[in-house]
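The values are calculated or read from the model by the stated rules, or taken from the named source; none is laboratory data. Just so you know, these numbers come straight off a predicted model, no measurement behind them. Here the Cβ positions follow ideal geometry from the backbone for every residue, glycine too, while neighbour counts run over all protein chains shown. All accessible areas refer to the heavy atoms of the entire protein, side chains included, with ligands and DNA or RNA removed. Shrake-Rupley method; radii C 1.70, N 1.55, O 1.52, S 1.80 Å.
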Amino acid sequence: AGAAGVVGGLGAQAAAALGALGLSFTLALSGGDELAAMAAESVPLQDAFASPQPVVLEFYGRDCAQCRESSARMHAVERAHPEVSWVMVDARDEKNRPLWEKLGVDEIPHFSFLDASKTLRATEIGAISSGQAEAGIEAIVAGG
């Protein structure tokens, strides 16, 4: 509950300002794994924040074993929910530091579930189950 509103002030203007600072929110990966596919298909953060849709921010690292292990499950959940913008944020990229510091990301994988007003409604950490991801999405779709 205390986390709600942490990102509430971030809207299209803030996302544009982050973009103007040259922050990178996607990562082009080589290889055919699920994590690489998710990163390649990721909605750009600026677009997600400008959209009226709820947002899932997935903080990951290319070398993160738990991120790779959960990627097939999360990709299936992402594909099942076109009403949500899913953004892959490379937590190892220093350019993304302002965002992950603002959201208190200190372990990956880390999932931040933001409602349509871009207010943080739920957080999950670790290789979460499909059910945990679905519950986070339900909270932001129903709560938005």
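Which is exposed (fewer than 14 other Cβ atoms within 10 Å of the Cβ) and at pLDDT 95 or above, of A80, A20?
Working: A20 fails: at pLDDT 95 or above.
Step by step, each of A80, A20 is checked, and only A80 is exposed (fewer than 14 other Cβ atoms within 10 Å of the Cβ) and at pLDDT 95 or above.
Looking only at strands (runs of 3 or more DSSP E) that fall completely inside the range 57-144, which ones have 1 or more residues that are touching a residue at least 12 places away in the same chain (Cβ under 8 Å) and among the basic types (K, R)? Break it down stepwise before answering.
On the way: elements: 85-90, 110-114, 120-125.
Qualifying strands (runs of 3 or more DSSP E): 120-125.
Looking at V141, V105, which one is of a type in the set (V, I, T), open to solvent by 60 Å² or more (accessible area, probe 1.4 Å) and either within 23 Å of E41 (Cβ to Cβ) or at pLDDT below 95 (or both)? Steps first, answer last, please.
Values: V105 fails: open to solvent by 60 Å² or more (accessible area, probe 1.4 Å).
Selected residue: V141, the only one of V141, V105 that is of a type in the set (V, I, T), open to solvent by 60 Å² or more (accessible area, probe 1.4 Å) and either within 23 Å of E41 (Cβ to Cβ) or at pLDDT below 95 (or both).
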_Search result, residues across the range 89-124 that are under 12 Å from the mean Cα position of the chain (by Cα) and aliphatic (A, V, I, L, M)_ = V89, A91, L99, L103, V105, I108, L114, L120, A122
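From P44, P52, grab the single residue that is over 19 Å from A133 (Cα atoms) and within 14 Å of the chain's Cα centre (by Cα).
Numbers: P52 fails: within 14 Å of the chain's Cα centre (by Cα).
Exactly one of P44, P52 is over 19 Å from A133 (Cα atoms) and within 14 Å of the chain's Cα centre (by Cα), namely P44.
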